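Below is one structure, written out as structure tokens; the observations come after it.
FYI, it's all coordinate maths here, none of it is from the lab. Nothing here was measured: the structure is a model prediction, and the numbers come from that model. Positions of Cβ are backbone-derived with ideal geometry, glycine not excepted, and every protein chain shown enters the neighbour counts.
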Amino acid sequence: MSASLGLFRLQQVDRQIDRARTRLDVIQKTIENDSEMRSARAQHDGTNNENQRAQHGAKNAEAEVDSLRIKIEHTEASLYSGAVKNPKELQDLQRDVASLKKHLIVLEERQLEAMLLAETTSAEFDKAQSNLVLVQSRLGVENQKLVEEQAELTKQMESLIHEREAALAPIEANLLASYEDLRKQKRGVAVTEVSDDACASCGTTINASLQQHARSQKQLAYCPSCGRILFAN
């Protein structure tokens, strides 16, 4: 067996491993960092916070109005009870009631605004919540498929790693080192076939002498153009 044949077989396994790893990385990132899910969740959380603030504001406005109405009732009760006889005191109570009722109008307007805001934010939150449920449901199905693919690829990886160990056995250490260096430099393609008297990677013509060298059992031959290891049948 030529030295390049062993490396060529190793590269075939390594390329499968590379593809499996790349796909596994994509699957993992998709499951963990789905942009649509993040967007739906952010919208849900944001509208929830706004709705809570609005509901709290509406309750506070309602409490202020209720408190002022009670105060007006007590003041009017004092005014019309007959217990106060002094004209000046009666006049003061009348002014207080008038002033309180004016302020009540202001507070009721604020309460109305707060209620409308609470209704709006509640509707927006309900919409965001429904959207999140839909996204979770749809992506749950899609992610389940990804999880199944992930499990299958993981099994393939285990098998490929065993296959790689078997392919490594007959390869000498110095040849393996050259192969590994070239894999880093050439984007995973360290070994290239000679096809129709040319380098399959870059198309450079390979003469008969270099092709014969590529069939050596101990030494490697390299493409004079792209520098990859040549494999010739």
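Can you work out the FRET efficiency for the pair residue 102 and residue 53, with r the C-beta to C-beta distance and R0 = 22 Å, to the nearest 0.05? After rounding, the FRET efficiency stands at 0.20.
Distance from the Cα centroid of region 157-214 to that of region 1-69 is 40 Å (rounded to whole angstrom). Taking Cα atoms only, the orientation of helix 173-185 departs from the longest principal axis of the chain by about 50 degrees. When the charge dipole of the chain is built from unit charges on Cβ atoms (+1 for Lys and Arg, -1 for Asp and Glu) and taken about the Cα centre, the candidate among 206, 147, 168 whose Cα reaches farthest toward its positive end is 206. Its Cα gyration tensor gives region 105-200 an equivalent ellipsoid. The semi-axes, each the square root of 5 times an eigenvalue, are 65, 18, 13 Å from largest down.
Of the cross-linked pairs 102/127; 155/218; 29/184, those separated by over 31 Å at the C-alpha level are 102/127; 155/218.
Please give the FRET efficiency for residue 218 paired with residue 161, using the beta carbon to beta carbon distance and R0 = 35 Å, rounded to the nearest 0.05. E(calc), rounded to 0.05, equals 0.80. For region 1-160, the convex hull drawn through the C-alpha positions has a volume of 132 cubic angstrom per residue. The charge dipole of the chain, taken about its Cα centre with unit charges on the Cβ atoms of Lys, Arg (+1), Asp and Glu (-1) only, comes to about 700 debye. Using only side-chain charges placed at the Cβ, +1 for Lys and Arg and -1 for Asp and Glu, the dipole size of region 173-231 relative to its Cα centre rounds to 220 debye.
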